[in-house]
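Structure record follows, encoded as structure tokens.
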């Protein structure tokens, strides 16, 4: 009963906050489950961070990282999202390439490469952070593929984008 | 959710992704300016890449 009350309160209480955290490198590999699901290798190399269930094919009908991950390289132990970006290479005069090292942001010097992740209701400089947000829907509803045809809870894609801010 | 395109090779194409910018770090506290171009001069503390959703 106590927990039910607490949960209900948490759901209705207005929240004006942003969260900022560091994530170390999980793996650097030629994989891109979003653009090229299942392709090994993908066309581009990526530094990947986040949950340990990361795998070449992460289509919603195949797997759900929120259910399958057991740990993460991100500071919040329950953030099982994965995030990835292309690394940068330096081209030397002799034509060879060397990967440019990646490092943590100020305040996150202890992490191995990685990124700083922000979740914000409004832009960083807006201290009020008043815009309403909703939690991400299950990945099967989010539909990261075929975005142009997408609807979410019956809302057409364009409207869904403007109101909820889950772009593809 | 995806930002940017590896095939963007011109300013016009890059401008389709205003949420992908670079900051040339003079020190680890540098936050401005953000540029669409990759820095052309050495950045003493590195190059910060800024990616924002929604696009």
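Couple of notes before you dig in:
- Stokes-Einstein translational diffusion, chain B - Kirkwood Rh over all Cα pairs, 1.306 mPa s, 10 °C, in µm²/s: 133 µm²/s
- Shielding of B:43-53 by partner chains, average beta-carbon count, 10 Å: 3
- Ranked for footprinting exposure by Cβ neighbours inside 10 Å, fewest first, A:54, A:21, A:108, B:32 give B:32, A:21, A:108, A:54.
- Between the stretch A:37-62 and the stretch B:9-55, the Cα center-to-center distance that results, in Å: 26 Å
Readers should treat all values here as calculations from the given coordinates under stated rules, not as data from a laboratory. Note that the structure is predicted; figures quoted are calculated from it, not measured. We place every Cβ from the backbone using ideal geometry, glycine too, and count neighbours over all the protein chains shown.
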